[in-house]
Amino acid sequence: MAEHRTKVLILGSGAAGCTAAIYAARANLAPILVAGLQPGGQLTITSDVENYPGFAEAISGPWLMEQMQAQARAVGTEMIDDLILSADLSKRPFVCQGDSGDTYIADTVIVATGASARWLGLQSEKRWSGLGVSACATCDGFFFRGKEVVVVGGGNTAVEEALYLTNHASKVTLIHRRDSLRAERIMQDRLFKNPKVGVVWNSTVEEILGGGDPPGVTGVRLRDTQTGALSELSCDGVFIAIGHTPNTALFAGQLDCDDNGYLITAPDSTATNVPGVFAAGDVQDHIFRQAVTAAGTGCMAAIEADHFLALTQE
């Protein structure tokens, strides 16, 4: 059980956390980054990335995160494989306790713990993840040009994903477990007017089907919620759009959150309601949720942490 002291403690090792680490290290702040439960964040479960600037060809998500982490180390970040279980943000320096038993004492904290996509919980969902199953239409829709896809969900996220996918797919089928959508009316109107979109009501996905060479999704098995009858629907991809859960439980009662649990930051800033604590990436962004926007806020958080330290140490 060790004690780690740092000017900047970064929680999370996705695009936001790594970018914050790069900027903080280059500012000679000797940051410590605690990797968290899913080192590398959601990009580690993204097979091909075509929308991160700087790469003419598709790159793999895990490779991109390996490069970000290697860059953070190269410029002076200490990266530790640990999971923060508790954080006392009531006074500075802030004190965090790791699952390893180690204690982390920091003058500033950058929260980049991200958000986790909600999944259906099917074994077949895991089996075909990255092979036709996705939780991000903006990330992966491009790979389904001219193909037929399914979107699961009934809220704003599902309708937004379905509409976006009509830019690529030849047909989009929205599957919802009820007989009406929860999305805003104006979005529903746009959905129903789109000739590429169909809706299957009162149905749940029992299994995602796949096969072939190369292997990929071939369809879904559905269960009618009213009759219990099973049916199959052919498709080339399945997008799970039942929302995201921000990883903010650790900070309950200390950092201000919105109604969905996302950390609230000041306008044009990554500053939270606690001076010296900043939030970057998907943990505070429920709108864009892209690697490039997460990296951008990671940069902002590190610069703001540097400015905060300069002011408080004068």
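The values are calculated or read from the model by the stated rules, or taken from the named source; none is laboratory data. Just so it is clear, the model here is predicted, and its values are computed rather than measured. For neighbour counting, all protein chains shown are included, and Cβ atoms are generated from backbone atoms with ideal geometry for every residue, glycine included. These accessible areas exclude ligands, DNA and RNA; they are computed on the full protein's heavy atoms, side chains included. Shrake-Rupley method; radii C 1.70, N 1.55, O 1.52, S 1.80 Å.
Brief remarks on what is shown
- Grouping the Cα pair distances of the chain into 10 Å bins from zero gives a pair-distance distribution of 6, 26, 30, 21, 13, 4, 0, 0 percent in increasing distance order.
- Among the chymotrypsin sites (Phe, Trp or Tyr not before Pro) within the range 81-179, those in coil by DSSP and having at most 15 neighbouring Cβ atoms inside 10 Å are TRP119.
- Shape of the range 1-134, Cα gyration tensor, a/c cut at 1.5: oblate
- Local electrostatic count at VAL220 - Lys and Arg +1, Asp and Glu -1, tallied over other residues with Cβ under 12 Å: -4
- Extension gain, LYS193-ILE80: 0.36 nm per intervening residue step, less the Cα-Cα distance, totals 35.6 nm.
- Two tests apply to each whole DSSP H helix in the chain, Cα reach of 15 Å or more along its axis and mean Kyte-Doolittle hydropathy of at least -0.5, and the ones passing both are 15-26, 291-312.
- Split the accessible area of the range 43-97 by element, probe 1.4 Å, and carbon with sulfur accounts for 52%.
- Residue with peak Gaussian network fluctuation, the chain [Cα springs, cutoff 10 Å], from GLY36, GLY155, GLY101: GLY101
- Helical contribution to [θ] at 222 nm, DSSP H n ≥ 4, -39,500 (n - 2.57), averaged over the chain, rounded to 500: -7500 deg cm²/dmol
- 14 Å beta-carbon shell around LEU64, net charge (K/R +1, D/E -1): -4
- Top of ASP259, ASP224, ASP99 by mean-square fluctuation, Gaussian network on the chain, Cα under 10 Å: ASP259
- Estimated dipole of the range 231-312 in Debye, rounded to 20 [Cβ of Lys and Arg +1, of Asp and Glu -1, Cα centre]: 160 debye
- Close amide-amide hydrogen proximity is noted between VAL200 and LEU174, ILE175, HIS176, each under 5 Å apart and 5 or more residues distant or on a separate chain (H modeled in the peptide plane; Pro and chain starts excluded).
- For the range 170-314: relative contact order, % (alpha-carbon pairs under 8 angstrom, 6 or more apart): 12 percent
- When Rg and the Kirkwood Rh are both derived from Cα coordinates, the Rg/Rh ratio for the range 217-314 amounts to 1.23.
- Considering only VAL150, ALA301, ILE10, and ranking their Cα positions along the charge dipole of the chain that arises from unit charges at the beta-carbon of Lys, Arg, Asp and Glu, the one farthest toward the positive end is VAL150.
- Under 5 Å between amide hydrogens, built in the peptide plane, is the criterion, and for VAL238 it picks out VAL133, SER134, VAL150 among residues at least 5 positions away or on other chains.
- The chain, accessible area per residue, ligands and nucleic acids excluded (1.4 Å, Å²): 48 Å²
- Sites listed here are GluC sites (Glu not before Pro) in the range 34-81 whose DSSP assignment is loop and whose Cβ has at most 14 other Cβ atoms within 10 Å: GLU50, GLU57.
- The separation of the range 258-307 from the range 203-247, counted between C-alpha centres, amounts to 34 Å.
- Rg/Rh (Cα only; Kirkwood hydrodynamic radius) as it applies to the range 115-169: 0.94
- Computed from point charges on the beta carbon alone (+1 for Lys and Arg, -1 for Asp and Glu), the dipole magnitude for the range 140-237 about its Cα centre is near 340 Debye.
- Kirkwood-Stokes translational diffusion coefficient of the range 155-231, alpha-carbon pairs, 37 °C, 0.692 mPa s, µm²/s: 242 µm²/s
- Non-local Lys pairs in the chain, i.e. 8 or more apart or on different chains, that have alpha carbons under 14 Å apart: 4
- Projected onto its three principal axes, the C-alpha set of the range 57-203 covers 56, 39, 30 Å, listed from the longest axis down.
- Dipole of the range 1-85 [Lys/Arg +1, Asp/Glu -1 at C-beta], most positive-end residue of LEU43, LEU64, ALA24: ALA24
- Residue of VAL200, VAL149, VAL277 that the Gaussian network model of the chain assigns the largest fluctuation, springs spanning Cα pairs under 10 Å: VAL200
- For trypsin sites (Lys or Arg not before Pro), the sites in the range 116-183 that DSSP calls loop and that have at most 12 other Cβ atoms within 10 Å are ARG145, ARG178.
- Count Lys and Arg as plus one, Asp and Glu as minus one, and take only other residues whose Cβ is under 10 Å from that of LEU230; the net charge is then -2.
- Contact order normalised by residue count of the chain, Cα under 8 Å, 6+ apart, percent: 21 percent
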